[in-house]
Amino acid sequence: KPWTPPVDLPTPVEEEVSMIQGRSAAIMRARRLIERVSGSDEPVMLLGEPGTGKELFARRLHEIGRAPGGPFIAVNCSMFDNDDTRAATALLDERIERAAGGTLFLNDVLLLPRQLQGHLALKVQVREGVRAGFRLVSACSGQPREAVKSGAFRADLFYRLSLLPVALPPLRDRRDDLPVLIEHFLKRHARRHGRPLRKISGAAMDLLLRYDYPGNVRELSNMLERGVIFAEPA
């Protein structure tokens, strides 16, 4: 007989939602802000230290936005070549075209070359108010106002991209979420690498709970993945 899945089997969408782990006040505030701006097509800027999960939040915003069935195009702004403006402009235009009807996510937007900033500002201005365009979400790990003040980043583009800012908390400000995150990443990496699920010793757990995590959630994930890979077989 055909296999019938149990009624409580989670769907892929629910699995993606569960990737944003934690119930601390700081992370719940960020999640509420994402939900609040999801019904708008206006640009969103995600502010946070490296490793705080900005792309994960961008994907969540896309999933609950007006065009979840459209494409999600992620662009790392460090990929553009400062020396070849023509090629870089063509590459940016290609990403913009692919994002039509969906979301364009610009990661590390402060690294976008100055020449491309003007080009992007023009594209955003042309598409402003056009529902058939794309949702623009950017992420910033540095200090955008300092970049604007120094002239490294165009003020007009910054104020357009940051119309709806959402700050993501560093892991040290959401320590109550550490036990949940540790369990989540331990299970995830054990399943991914085909290793039997191992418990963490009390001493190791104590160290994990006390550490400040300058690399935030990404660093915690990497630490636990290394532990799963290097652990001796049970």
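Points worth noting:
- Whole-number percent relative contact order across the range 17-143, with pairs defined as alpha carbons under 8 Å at least 6 apart: 32 percent
- In the full protein context, the chain carries 57 Å² of accessible surface per residue, based on a 1.4 Å probe and ignoring ligands, DNA and RNA.
- As a ratio to 2.2 N^0.38 Å, the alpha-carbon radius of gyration for the range 65-202 is 1.34.
- When Tyr211, Tyr159 are compared by accessible area at a 1.4 angstrom probe, the order from most to least is Tyr159, Tyr211.
- 20 °C / 1.002 mPa s Stokes-Einstein diffusion coefficient of the chain, Kirkwood radius on C-alpha pairs, µm²/s: 109 µm²/s
- Taking all protein chains as they are arranged and a probe of 1.4 Å, the heavy atoms of Glu183 leave approximately 100 Å² accessible to solvent.
- The range 54-168, accessible surface, carbon-and-sulfur percent (1.4 angstrom probe): 49 percent
- Qualifying aspartates and glutamates (Cα of each under 12 Å from Cα of Lys187; at least 8 residues distant if same chain): Glu225
- In the range 75-156, the alpha-carbon atoms span a convex hull of 86 Å³ per residue.
- Going by accessible surface with a 1.4 Å probe and the largest first, Lys199, Lys123, Lys149, Lys54 read Lys199, Lys149, Lys123, Lys54.
- Contact order normalised by residue count of the chain, Cα under 8 Å, 6+ apart, percent: 27 percent
- Met205 exposes around 60 Å² of accessible area when a 1.4 Å probe is run over every protein chain in place.
- Ser201, Ser138, reordered so the largest accessible area comes first (probe 1.4 Å): Ser201, Ser138
- In this structure Asp84 has an accessible area near 70 Å², from a 1.4 Å probe over the protein heavy atoms.
The values are calculated or read from the model by the stated rules, or taken from the named source; none is laboratory data. In this text the structure is predicted, and so the values were computed from the model without any measurement. Calculation scope for accessible area: heavy atoms of the full protein, side chains included, ligands and nucleic acids excluded. Shrake-Rupley method; radii C 1.70, N 1.55, O 1.52, S 1.80 Å.
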